[in-house]
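Participant: Would you mind keeping the following structure in view while I ask a few things?
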Amino acid sequence: MYEYTFVETSLGGFFSEATHQKTIIDYAREGWRLVQVLPTNYNGHGKPTRYEIIFERPVEIS
């Protein structure tokens, strides 16, 4: 069985810095595994501007 967490992030742009790499590394250090990255918001030209990163890790059953 797995547990999941969902993290909003940005891949950067003209006025913002990308945060996805740091987010993935930070979560991996805590035992999370990257499952998928989904775009959640688009600009007026159809380009994704926000993303949701989905992580999973095994549930510790005691």
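Participant: Could you check how many residues of the stretch 15-62 are among the polar types (S, T, N, Q) and in contact (Cβ under 8 Å) with a residue 12 or more places away in the chain? Steps first, answer last, please.
Facilitator: Applying the first criterion (among the polar types (S, T, N, Q)) to the stretch 15-62 yields 16, 19, 21, 23, 36, 40-41, 43, 49, 62.
If we keep only those that are in contact (Cβ under 8 Å) with a residue 12 or more places away in the chain as well, we get 23, 36, 40, 49.
Number satisfying all stated conditions: 4.
Participant: A further question follows. Please determine, by comparing only the residues of the stretch 25-62 that are of a type in the set (Ser, Thr, Tyr) and over 15 Å from residue 3 (Cβ atoms), which one is surrounded by the most Cβ atoms within 10 Å (Cβ to Cβ). Working first, answer last.
Facilitator: Here is the first cut: in the stretch 25-62, the residues of a type in the set (Ser, Thr, Tyr) are 27, 40, 42, 49, 51, 62.
After this cut, where a residue has to be over 15 Å from residue 3 (Cβ atoms) as well, the list is 40, 42, 49, 51.
On the way: 40: 13, 42: 11, 49: 16, 51: 20.
Per the criteria, the residue is 51.
Participant: Can you tell me how many residues in the stretch 25-62 are assigned to a strand (DSSP E or B) and aromatic (Phe, Trp, Tyr)? Before the answer, list the steps.
Facilitator: Filtering the stretch 25-62 down to residues assigned to a strand (DSSP E or B) leaves 33-42, 48-58.
Now restrict to residues that are aromatic (Phe, Trp, Tyr): 42, 51, 55.
Selection size over the stretch 25-62: 3.
Read-outs: derived from the displayed coordinates by stated rules, not from any lab. Bear in mind the structure is a predicted one, so any value in this text is a computation, not a measurement. Don't worry about glycine lacking a Cβ; one is built from the backbone with ideal geometry, like all the others, and counts go over all protein chains shown.
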